[in-house]
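Enquirer: Below you'll find the structure I mean.
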Amino acid sequence: MMKGEQQKILHKGSNDKVNAFITLLYSQNRIKFNTSKTRNSNDFINHLKSIKRYVLKRNVRRFILVIDNASFHVSKKTKQFIEKQSDDWLTVLFLPTRAPFLNIVETKVNRNLKKDICANYNYETEYNLLCTVRRYLRCFGCWPKI
(Lines give C-alpha, C1' and ligand atoms only; values in the text may rest on other atoms or scores of the structure.)
Protein backbone atom coordinates (compact mmCIF):
# COMPACT_ATOMS: atom_id res chain seq x y z
CA MET A 1 0.00 0.00 0.00
CA MET A 2 1.09 3.55 -0.57
CA LYS A 3 1.91 5.61 2.49
CA GLY A 4 -1.27 6.98 4.05
CA GLU A 5 -3.56 4.50 2.29
CA GLN A 6 -5.33 1.56 3.79
CA GLN A 7 -6.76 -1.48 2.04
CA LYS A 8 -10.52 -1.83 2.29
CA ILE A 9 -11.62 -5.23 3.54
CA LEU A 10 -15.17 -6.35 2.84
CA HIS A 11 -16.93 -8.00 5.75
CA LYS A 12 -20.40 -9.09 6.73
CA GLY A 13 -20.82 -6.36 9.34
CA SER A 14 -20.67 -8.38 12.55
CA ASN A 15 -17.80 -9.15 14.85
CA ASP A 16 -17.99 -12.84 15.65
CA LYS A 17 -15.62 -13.70 18.44
CA VAL A 18 -13.88 -16.79 19.71
CA ASN A 19 -13.06 -16.92 23.41
CA ALA A 20 -10.12 -18.98 24.61
CA PHE A 21 -9.48 -20.01 28.19
CA ILE A 22 -5.74 -20.56 28.38
CA THR A 23 -3.66 -22.04 31.20
CA LEU A 24 0.12 -22.28 31.08
CA LEU A 25 1.40 -25.52 32.58
CA TYR A 26 4.90 -24.63 33.72
CA SER A 27 6.10 -28.06 34.76
CA GLN A 28 5.26 -29.59 31.37
CA ASN A 29 6.07 -26.43 29.39
CA ARG A 30 2.67 -26.72 27.68
CA ILE A 31 -0.62 -24.92 27.25
CA LYS A 32 -4.04 -26.24 28.19
CA PHE A 33 -6.86 -24.36 26.46
CA ASN A 34 -10.58 -24.50 25.77
CA THR A 35 -12.49 -22.39 23.28
CA SER A 36 -16.10 -21.28 23.41
CA LYS A 37 -18.50 -18.75 21.91
CA THR A 38 -19.17 -17.15 25.28
CA ARG A 39 -17.01 -16.09 28.19
CA ASN A 40 -18.86 -16.75 31.43
CA SER A 41 -18.59 -18.72 34.67
CA ASN A 42 -19.91 -21.95 33.16
CA ASP A 43 -17.27 -21.88 30.43
CA PHE A 44 -14.51 -21.16 32.95
CA ILE A 45 -15.71 -23.98 35.23
CA ASN A 46 -15.63 -26.35 32.23
CA HIS A 47 -12.05 -25.23 31.64
CA LEU A 48 -11.23 -25.94 35.30
CA LYS A 49 -12.78 -29.40 34.96
CA SER A 50 -10.59 -30.15 31.96
CA ILE A 51 -7.55 -29.00 33.95
CA LYS A 52 -8.63 -31.27 36.79
CA ARG A 53 -8.82 -34.28 34.43
CA TYR A 54 -5.38 -33.39 33.08
CA VAL A 55 -3.89 -33.03 36.59
CA LEU A 56 -5.45 -36.21 38.01
CA LYS A 57 -4.44 -38.24 34.96
CA ARG A 58 -0.81 -37.27 35.55
CA ASN A 59 -0.92 -37.83 39.34
CA VAL A 60 -0.07 -34.22 40.16
CA ARG A 61 -0.61 -33.64 43.88
CA ARG A 62 -1.20 -29.92 43.87
CA PHE A 63 -2.07 -27.49 41.07
CA ILE A 64 -1.57 -23.78 41.72
CA LEU A 65 -3.72 -21.62 39.46
CA VAL A 66 -2.85 -17.93 39.21
CA ILE A 67 -5.70 -15.90 37.72
CA ASP A 68 -6.66 -12.27 37.30
CA ASN A 69 -9.88 -10.71 38.55
CA ALA A 70 -12.01 -11.16 35.45
CA SER A 71 -15.71 -11.26 36.29
CA PHE A 72 -16.05 -14.97 35.47
CA HIS A 73 -13.02 -15.77 37.69
CA VAL A 74 -14.51 -14.11 40.78
CA SER A 75 -18.20 -14.91 40.27
CA LYS A 76 -20.19 -16.61 42.99
CA LYS A 77 -20.64 -19.72 40.85
CA THR A 78 -16.88 -20.04 40.19
CA LYS A 79 -16.03 -19.50 43.86
CA GLN A 80 -18.51 -22.20 44.85
CA PHE A 81 -16.95 -24.63 42.38
CA ILE A 82 -13.46 -23.91 43.71
CA GLU A 83 -14.61 -24.36 47.31
CA LYS A 84 -16.21 -27.74 46.44
CA GLN A 85 -12.90 -29.19 45.32
CA SER A 86 -12.71 -31.42 48.38
CA ASP A 87 -9.74 -33.46 47.21
CA ASP A 88 -7.51 -30.37 47.56
CA TRP A 89 -5.92 -30.64 44.15
CA LEU A 90 -6.36 -26.93 43.47
CA THR A 91 -4.94 -23.77 45.04
CA VAL A 92 -6.03 -20.46 43.52
CA LEU A 93 -4.01 -17.24 43.75
CA PHE A 94 -5.49 -13.99 42.47
CA LEU A 95 -3.38 -11.32 40.82
CA PRO A 96 -3.89 -7.71 41.92
CA THR A 97 -6.57 -5.76 40.08
CA ARG A 98 -5.51 -3.66 37.09
CA ALA A 99 -2.17 -5.43 36.69
CA PRO A 100 -2.28 -7.18 33.30
CA PHE A 101 1.51 -6.97 33.05
CA LEU A 102 1.71 -9.60 35.83
CA ASN A 103 -0.43 -12.04 33.86
CA ILE A 104 1.93 -14.01 31.63
CA VAL A 105 -0.98 -15.38 29.58
CA GLU A 106 -1.87 -11.79 28.66
CA THR A 107 1.67 -10.66 27.88
CA LYS A 108 3.01 -13.73 26.09
CA VAL A 109 0.11 -15.71 24.66
CA ASN A 110 -2.87 -13.40 24.11
CA ARG A 111 -0.80 -10.54 22.74
CA ASN A 112 0.90 -12.81 20.19
CA LEU A 113 -2.36 -14.57 19.33
CA LYS A 114 -4.09 -11.28 18.58
CA LYS A 115 -1.09 -9.98 16.62
CA ASP A 116 -0.42 -13.16 14.60
CA ILE A 117 -3.94 -14.50 14.05
CA CYS A 118 -6.60 -11.85 14.65
CA ALA A 119 -5.22 -8.43 13.67
CA ASN A 120 -5.83 -7.40 10.07
CA TYR A 121 -7.30 -10.75 9.04
CA ASN A 122 -10.76 -11.45 7.70
CA TYR A 123 -12.02 -15.01 8.11
CA GLU A 124 -14.89 -16.23 5.97
CA THR A 125 -16.59 -18.01 8.87
CA GLU A 126 -16.33 -18.17 12.63
CA TYR A 127 -15.37 -21.83 12.23
CA ASN A 128 -12.30 -20.86 10.16
CA LEU A 129 -11.25 -18.42 12.88
CA LEU A 130 -11.78 -21.08 15.54
CA CYS A 131 -9.69 -23.66 13.65
CA THR A 132 -6.89 -21.14 13.14
CA VAL A 133 -6.86 -20.17 16.83
CA ARG A 134 -6.77 -23.83 17.93
CA ARG A 135 -3.97 -24.64 15.48
CA TYR A 136 -1.96 -21.65 16.70
CA LEU A 137 -2.39 -22.56 20.36
CA ARG A 138 -1.41 -26.19 19.73
CA CYS A 139 1.79 -25.02 18.01
CA PHE A 140 2.42 -22.51 20.79
CA GLY A 141 2.58 -25.44 23.22
CA CYS A 142 6.26 -24.99 24.05
CA TRP A 143 6.68 -21.29 24.52
CA PRO A 144 9.99 -19.49 24.22
CA LYS A 145 11.68 -17.87 27.25
CA ILE A 146 8.89 -17.00 29.63
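The values are calculated or read from the model by the stated rules, or taken from the named source; none is laboratory data. Source: prediction; values computed, not measured. Cβ atoms come from the backbone with ideal geometry, glycine included; neighbour counts cover every protein chain shown.
Enquirer: Determine which member of the set L90, L95 is surrounded by 11 or more Cβ atoms within 10 Å (Cβ to Cβ), out of contact with any Phe, Trp or Tyr (no Cβ under 6 Å at 6 or more places or on another chain) and modelled with pLDDT of 85 or more.
Expert: Residue meeting the stated conditions: L95.
Enquirer: If I go through the range 47-71 residue by residue, how many of them are surrounded by 12 or more Cβ atoms within 10 Å (Cβ to Cβ) and of a type outside the set (G, A, S)?
Expert: Selection size over the range 47-71: 15.
Enquirer: While we're on this one: Give me a count of the residues in the range 14-51 that are part of a strand (DSSP E or B) and of a type in the set (A, V, I, L, M).
Expert: Of the residues in that region, 5 qualify.
Enquirer: For the structure I just gave you, tell me whether F81 is of a type outside the set (G, A, S), surrounded by 15 or more Cβ atoms within 10 Å (Cβ to Cβ) and not in a loop (DSSP other than H, G, I, E, B).
Expert: Yes.
Enquirer: Which pairs have Cβ atoms under 6 Å, sit 6 or more apart or on different chains, and link a residue in the range 102-126 that is part of a helix (DSSP H, G or I) to one that is aromatic (F, W, Y)?
Expert: I117/Y136
Conditions (1) at pLDDT below 85; (2) not basic (K, R), marked per residue:
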position: H11; (1), (2): yes, yes
position: T23; (1), (2): no, yes
position: Y26; (1), (2): yes, yes
position: N34; (1), (2): no, yes
position: K37; (1), (2): no, no
position: N59; (1), (2): no, yes
position: I64; (1), (2): no, yes
position: D68; (1), (2): no, yes
position: S71; (1), (2): no, yes
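Enquirer: Additional query: Suppose we keep only residues that are without any contact (Cβ under 8 Å) to a residue 60 or more places away in the chain and of a type in the set (S, T, Y) within the range 27-46. Which one would you say is surrounded by the most Cβ atoms within 10 Å (Cβ to Cβ)?
Expert: Among them, the one singled out is S41.
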